[in-house]
Every structure is written in C-alpha cells, then in structure tokens.
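The values are calculated or read from the model by the stated rules, or taken from the named source; none is laboratory data. These numbers were taken from a predicted model, which means no experiment stands behind them. Methodologically, a virtual Cβ is constructed for each residue, glycine included, from the backbone with ideal geometry; neighbour enumeration extends over all protein chains shown. Areas reflect the complete protein model, heavy atoms only, side chains present, ligands, DNA and RNA absent. Shrake-Rupley method; radii C 1.70, N 1.55, O 1.52, S 1.80 Å.
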Amino acid sequence: MNRAFVPLLVWATLLTVLAAVLWVWSSDHLPPAIFSAAAGVAWLVGLYALLRPGRRLRLRVRPPELDLSFSSVLVALAVAMLVLGALVGEWLILIGAGVLVAGLIGVARELRAERRYR
Amino acid sequence: MAATVSAPSTTASPVPQITAREARREPTGWTSWVTTTDHKRIGIMYLVLTFVFFLLGGTEALMMRLQLSQADNTLLTPQTYNELFTMHGSGMFFLVMAPLALALGVYFVPLQIGASDIAFPRLALIGDWLIPLGGATMFSGFLTDHGAAKAGWTAFAPLSEIDRSPGYGMDLWIFGALLATAGVMLLAICVLATIIRLRAPGMTMLRLPVFTWSMVATCLLVIASFPALIAALSLLFVDRHFSGVYEGASGPVMYQHLFWFYGHPVVYVIFFPFIGAVAEVVAVFSRRRFFGYHALVLSLLAFAALSMSVWAHHMFATGQVTNQYFSLTSTILLVPAGVEYFDLIGTMIGGSILLSSAMLFAVGFILLFLIGGLTGIIVASPPLDYHVHDTFFVVGHFHYTIFAGSLFGFFAAVYYWYPKVTGRVLREGLGKVHFALYLVGANLTFFPMLVSGFEGMPRRVADYKNIHDLSLMNMLSTIGAFTIALGTLVFLWNLWISGRRPVRAGDDPWEGHTLEWWTTSPPPPHNFDSLPPVRSYSPLYDRRLEKT
C-alpha cells in the first residue's frame, strides 16, 4: 500500500497545531487566518496522497514524439499574455485567450495520443 | 514495449528486479529542448537559465559594491542604485535560487526513486516556460520611462504604491514575480506528485534518499506558502490601479503579513534541497551510510512546519505582531537545524573522507550556514532585532544563509552530479581553486556587513558617511565580491575546459549510494534499463556490502 500520505498528514497536523496556538496567542485575526489557510492546503495535499494510489511502475520506452509538447508551450505563453494583458490592454487578453484555447485543445490531443499508445 | 516488473525481493539478489525490453533514440534539434517533457531536459534548461539570471544578479551586485566601496561615492545615482538592489534581490529569489532548488528536484528526484518520468510532465514544461517569461517581464522594466522597479525585492506597500513608485516598471515587476512564482509552484506540484505516485517497487517513504526527502519538505513549503505571494502581489496591482487595498494604518501590515508568509518559507525552499544534496555528498565522500536517517526525516518535517510559523519575526519593528509567539517559534527552529548538523557531522565521524571539490563545498556549506544560523538568533530576538533591523547586519545574515550557505550546497551538488548529467567530470584542481576563492570571497564580503550593520549602517542606501570605519568595511566587502566573481569565472572556465577536453566519468565515478548512479551517465530518455532491489535508503551501498 502507498503510505505517502502518512508524513504529509503528519505535516498538516503540525501546521494545524501551530496555527491553533497562534489563534490563541494573537489578537489580530489575519496572521492565524493566513496560517490556517496554509494548513488547509497541506491537508488537501495529504488527502491527494491518500486517495490517489501509486502508479504501477513501467520503464516507459515509447516514441520520442510523445515526449514533445508544443501545446504546453502555447499554454505557458497564453498565461503570460493573459496576465500582461491586464497592463498592456484588452487586445492582448483576447489573443491570450485564443492561444490558451488552442494550447489546451492541443494538450488534450497529446494526452489522447499518449493514452492510445498505452 | 512494456517493461517487466517483478515483485520486490526481500532477500539479497544479484540481478536487477526490473528491466526495460528496449532502448530508444533521443529526440534531437533545438525544438526538442524547448518543447520537451523529459524531466532531465527540463531540469537542465532550468539550471542553465537560472545560472544566466545568477550572472545577471551577480553583475548587479558588483555594481552596487563598487558604489559602496567608498563613502560619498557618486558612481551610481540613487535611483539606479535602488533599481539595482531591487532587481538583484528579486532576480536572486524569484529567478535564481527558488527555481534552482526545484530544478535539482526535477532532474534528480525521478532518478533517485526509480521512476521513468516525472508526474504531469506537461505541467512541468509550462512551469519551465513561465519562469523565463517572468524574468523577461521583470527585467523589461529597465526599458520603461521610469526605469525598473525600485521598491526592494519585498515591494512593501506604500513604497510600491502608484504615487511612490510610478511607471510601468513596478507593474512589470509584479507580473514577472507572479509568473515566476506560478512556474515554481507548478514544478513543486510535479515533483511532489512524482514522489507520492511514481516510486519504484520497494521504495517506501522511509527508503527515500535524503535528497528526495528534502524535496518533499521543499515542495510542501512551496505549495502551502507561495499562494500568499500570489495573493499579495495581485492585490498590490489592484491597489496601484484601483486603490483601497493596502490603505490605512493596517494596510501596510497586512501586505507584510502576506508577503512574509511567502518570504520566510522561501528561505527554506532554497535551503532544504541543498542540505539534502550536501547530505548525499557527505555520505558518499565519507564512504559511510548516512547517519541518523530517521532523525533527519523527522527534523525536515518539523523544520518545514516551524519555518511556516516564523514569518512575522521580519515584522518585529512594526510593533503590530505577537512577538512572543514568533520569537519562540524562530528560536525553536534551532532544534531541527541542530539535528541536521548532528547527522551531517555524525556521518563524517569515523568515515574515510575524500576531500573532493564536492566534499569541500559541502563542508563549506556546513560551516558558513552555521554563521548564517547563529546570526539568525540575533534577529529572532525582538530586543536585539530592534537594534539591527534594516541595517547591513541583516544583509550579512541572509547572505550567509543564502549565498554562503545554499549556493555552496548548490556547487557541492554540481560537482557531485555533473558526471551523471553529462557523463564527464569537472576538473578537480579548478574545482578546488573555485572553492578557495568562494570561501575567501564569501567571508570577505559578508562578515564586514555584519560589523558595519551592527555599527548602524542602514541597508538600501546608495551613500553613507565614513564613521566607525564604514569605508574600510565596505571596501573589504567590495574586494570580497570581486573575489567571488573571480571564483565564478574559474567555474565557467572549468565548464568550458571540461566540455572541450572531456574526461569520461563512467556510470558511477563516486560509488554513489542512490539509484541515479545505477543508470548510465547521462541517463537514457526512459531513465533506467533496469532497477536493482531497493531495501534501504542507500540501495547501491547495500549492493556493494552484499558483494563484499
């Protein structure tokens, strides 16, 4: 059984305890609230490890083209365009949105091809 | 094309337990690099890219040191100086040290746990692109009318607000930092998911190599604390253009809480992977199994949790934080740090130590980080912190931890793993010269900062008066900075000469303990043609013991 979740949940518990102590000690709500949110993220990571079993090992030997992903590059460029669009103008946001859609479709196709290969 | 997988054996076995049936050719051409989802190529791209940003940041540091080399100097204008220290700090944190730490994980974690790939490779590639895009965005501020950002790497409100930091430079800084931070977060998700889901048979959590454990702690910190920076900077952009977020007496304190919730853990993000790498180096070059493995694992988890709880010790001087809590947790940090030091020294005791370049840098890391840690006790104590707050003492303290500590750890990793990545060894003689120049340079640069800061020299100022021998201290720091630059040139020469006249390394030149040394150097695209049984955190050391 994959027990990766154990240390992760232990860590989340540690964060929760430290956040709880800060709730008791601090007169300001903001610091313990931020800390509690981080503890919540840690619990989510622990739960991911609990619910997602380890994958069976395969020493993958597969066509090299499956190791290339132009679409992922498009997604990254689109994210940058969307973010910078807030400064540069709406036109960049629109281009970024278009590139993002193209990139995501491409990634979906790549993943489908990969699944077919498996 | 599938691979055969047999159940993990519980008895000694001379034969590999897992074998791939065939090898395959590697993609070629530049597009095969920029669009690759192979974790090794992504890791190499990160390493090269971050080193370029390191050289940029280092050049900025040299310019600042020239300005400060004497009192009343007019080499740089105050505005240029402000831009330089802002971009130096930002570049080193957002574009160099944090990505560098994750880059090591992206390359070596799958190899250390016997995985053929990284989890979510496309996500890793997206992260790979977001970091240079963020860097380009951040540095493009130099091309704008008002110049690059000049509010420091912390970008505290209200200094970073529109009326005090007008122009696009600050906005570009915000977006650059956001993109780079998002990139690092994606990498952390991929590395942690790899450790959770893709471990080889027999590789239980308590058999993970020490470096991989350090990456677990690193990734947890990134995933839990970096969103605070994304929130802080997004709100800062809103505040600059629509106002109202960080207004009033509590606004700047709110920004500081959000920023430092990221800003302190990031110091550990750029510490843990390097202490993990140093632990591997110390064990291998002491010819001993790592001492105190379980204590180290526990201390890493405790260290990571505590390091999330200390952020407001940066804010003692605001008078608006719970000093007792943050001082207590900051001081308790010494306990896990002490355990890690105890384990490292315990590994060396009784070992047959080989003082290679990697080992020298590892020992340098242990010694210099100790100075960073001990000066940290002073800034963790509110009454002492009030005295040195915003002085060069703080600059000296964190450069001892980050440069003299983590960067020494990084170079220990470089000299140790370079043969695995390239199949060649770096020249040992040049490595030792590099180490000597860095050791002298780091102490010459940063120790005088502790003294001048204690005497009251404020940080983030382009000019000062020559009282309490401040000119002498600053001149020493400048000489030290150029000594470090010389050391960097020696390293670059070592890379060049080792590339031009390669000396073949073989698959396992150091007699390593962990799985990355089982495969070829450099590893094939699918990482392993076979895997040995894993019955401890140092499986190859076990095999050597079995043979003898």
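Going residue by residue through segment B:196-214, is there one that turns out to be assigned to a loop (DSSP other than H, G, I, E, B), over 30 Å from A:Ala108 (Cβ atoms) and at pLDDT 95 or above?
Scanning segment B:196-214 turns up at least one residue that is assigned to a loop (DSSP other than H, G, I, E, B), over 30 Å from A:Ala108 (Cβ atoms) and at pLDDT 95 or above.
Taking B:Ser471 as the residue in question, decide whether it is polar (S, T, N, Q), closer than 21 Å to B:Val394 by Cα and either outside any helix (DSSP H, G or I) or open to solvent by 20 Å² or more (accessible area, probe 1.4 Å) (or both).
Yes: the conditions hold for B:Ser471.
Please pick out the residue among B:Val379, B:Val310, B:Val363, B:Val321 that is within 14 Å of another protein chain (Cβ to nearest Cβ) and either closer than 29 Å to B:Pro448 by Cα or basic (Lys, Arg) (or both). So that I can check it myself, show each step before the final result.
Details: B:Val379 fails: within 14 Å of another protein chain (Cβ to nearest Cβ); B:Val363 fails: within 14 Å of another protein chain (Cβ to nearest Cβ); B:Val321 fails: either closer than 29 Å to B:Pro448 by Cα or basic (Lys, Arg) (or both).
Step by step, each of B:Val379, B:Val310, B:Val363, B:Val321 is checked, and only B:Val310 is within 14 Å of another protein chain (Cβ to nearest Cβ) and either closer than 29 Å to B:Pro448 by Cα or basic (Lys, Arg) (or both).
Check off (1) over 23 Å from B:Leu102 (Cα atoms); (2) not in a helix (DSSP H, G or I) for B:His314 and give me the number that stays unchecked.
(2)
Just the residues that are polar (S, T, N, Q) and part of a helix (DSSP H, G or I), please, taken from segment B:344-393.
B:Thr347, B:Ser357, B:Thr375 - these are the residues of segment B:344-393 that are polar (S, T, N, Q) and part of a helix (DSSP H, G or I).
Of everything in segment B:185-198, what is open to solvent by less than 10 Å² (accessible area, probe 1.4 Å) and touching a Phe, Trp or Tyr at 6+ places or on another chain (Cβ under 7 Å)? Give them in sequence order.
Listed by number, the residues that qualify are B:Cys190, B:Ala193.
In this structure, is B:Ile118 open to solvent by 10 Å² or more (accessible area, probe 1.4 Å), assigned to a loop (DSSP other than H, G, I, E, B), within 14 Å of chain A (Cβ to nearest Cβ) and of a type in the set (Val, Ile, Thr)?
Against the criterion (open to solvent by 10 Å² or more (accessible area, probe 1.4 Å), assigned to a loop (DSSP other than H, G, I, E, B), within 14 Å of chain A (Cβ to nearest Cβ) and of a type in the set (Val, Ile, Thr)), B:Ile118 does not qualify.
I'd like to verify a number: residues in segment B:256-294 that are within 14 Å of chain A (Cβ to nearest Cβ), of a type outside the set (Phe, Trp, Tyr) and within 16 Å of B:Ser536 (Cα to Cα), how many?
Residues that pass the stated criteria total 1.
Restricting to segment A:102-113, give me the number of residues that are in contact (Cβ under 8 Å) with a residue 12 or more places away in the chain and open to solvent by 20 Å² or more (accessible area, probe 1.4 Å).
So the answer is 7.
If you check B:Val425 against the conditions, is it touching a residue at least 12 places away in the same chain (Cβ under 8 Å) and in contact with a Pro (Cβ under 6 Å, 6 or more places away or on another chain)?
yes
Within segment B:525-543, which residues are at pLDDT 90 or above, among the charged types (D, E, K, R) and assigned to a loop (DSSP other than H, G, I, E, B)?
Selection gives B:Arg535 alone.
Can you name the condition, by its number, that B:His294 falls short on among (1) in a helix (DSSP H, G or I); (2) crowded, with 24+ Cβ neighbours inside 10 Å; (3) touching a residue at least 60 places away in the same chain (Cβ under 8 Å)?
For B:His294, the exception is condition (2).
Output the qualifying pairs, or none if there are none: Cβ atoms under 7 angstrom, residues six or more apart or on different chains, first residue in segment A:71-91 and facing chain B (nearest Cβ under 9 Å), second residue crowded, with 17+ Cβ neighbours inside 10 Å and not in a helix (DSSP H, G or I).
Qualifying pairs under 7 Å: A:Val73/B:Thr35.
As an exercise: evaluate B:Cys219 against (1) in contact with a Cys (Cβ under 8 Å, 6 or more places away or on another chain); (2) more than 8 Å from chain A (Cβ to nearest Cβ) and give the number of the one condition it does not meet.
Of (1) in contact with a Cys (Cβ under 8 Å, 6 or more places away or on another chain); (2) more than 8 Å from chain A (Cβ to nearest Cβ), only one is false for B:Cys219: (1).
Test each condition in (1) more than 10 Å from every other protein chain (Cβ to nearest Cβ); (2) touching a residue at least 40 places away in the same chain (Cβ under 8 Å) for B:Ser234 and report the one that comes out false.
Of (1) more than 10 Å from every other protein chain (Cβ to nearest Cβ); (2) touching a residue at least 40 places away in the same chain (Cβ under 8 Å), only one is false for B:Ser234: (1).
Among the candidates B:Ser477, B:Ser498, B:Ser521, which residue alone is within 25 Å of the chain's Cα centre (by Cα), of a type in the set (Ser, Thr, Tyr) and in a loop (DSSP other than H, G, I, E, B)? Working first, answer last.
Details: B:Ser477 fails: in a loop (DSSP other than H, G, I, E, B); B:Ser498 fails: in a loop (DSSP other than H, G, I, E, B).
When all the criteria are applied, what remains is B:Ser521.
Does segment B:149-156 contain at least one residue that is under 20 Å from B:Leu47 (Cβ atoms), open to solvent by less than 20 Å² (accessible area, probe 1.4 Å) and within 14 Å of chain A (Cβ to nearest Cβ)? Break it down stepwise before answering.
Initial filter on segment B:149-156 (under 20 Å from B:Leu47 (Cβ atoms)): none.
No, the conditions are met nowhere in segment B:149-156.
What is the one condition in (1) surrounded by fewer than 19 Cβ atoms within 10 Å (Cβ to Cβ); (2) modelled with pLDDT under 95 that B:Asp128 does not satisfy?
Condition not satisfied by B:Asp128: (1).
Here's a check for you: in segment B:30-49, which residue that is more than 10 Å from every other protein chain (Cβ to nearest Cβ) and without any contact (Cβ under 8 Å) to a residue 40 or more places away in the chain is least open to solvent (accessible area, probe 1.4 Å)?
B:Val48
Can you spot a residue in segment B:94-115 that is within 8 Å of chain A (Cβ to nearest Cβ) and closer than 27 Å to B:Thr520 by Cβ?
Yes, segment B:94-115 contains at least one residue that is within 8 Å of chain A (Cβ to nearest Cβ) and closer than 27 Å to B:Thr520 by Cβ.
Among (1) touching a helix residue (DSSP H, G or I) at 6+ places or on another chain (Cβ under 7 Å); (2) under 23 Å from A:Ala37 (Cα atoms), which single condition is B:Ser250 missing?
It fails just one condition, (1).
B:Glu280 fails exactly one of the following numbered conditions: (1) under 15 Å from B:Phe211 (Cβ atoms); (2) open to solvent by less than 10 Å² (accessible area, probe 1.4 Å). What is the number of that condition?
(2)
If a residue must be at pLDDT below 95, more than 25 Å from B:Val297 (Cα to Cα) and open to solvent by less than 10 Å² (accessible area, probe 1.4 Å), how many such residues does segment B:343-388 contain?
Of the residues in that region, 2 qualify.
For segment A:9-20, how many residues meet the condition of being surrounded by 14 or more Cβ atoms within 10 Å (Cβ to Cβ) and more than 7 Å from every other protein chain (Cβ to nearest Cβ)?
6
Has segment B:201-210 got at least one residue that is surrounded by fewer than 24 Cβ atoms within 10 Å (Cβ to Cβ) and under 20 Å from the mean Cα position of the chain (by Cα)?
Within segment B:201-210, none of the residues are surrounded by fewer than 24 Cβ atoms within 10 Å (Cβ to Cβ) and under 20 Å from the mean Cα position of the chain (by Cα).
Do the conditions hold for B:Glu546, that is, is it farther than 27 Å from B:Ser357 by Cα and either open to solvent by less than 20 Å² (accessible area, probe 1.4 Å) or outside any loop (DSSP other than H, G, I, E, B) (or both)?
Numbers: farther than 27 Å from B:Ser357 by Cα: yes; either open to solvent by less than 20 Å² (accessible area, probe 1.4 Å) or outside any loop (DSSP other than H, G, I, E, B) (or both): yes.
So B:Glu546 fits the description; yes.
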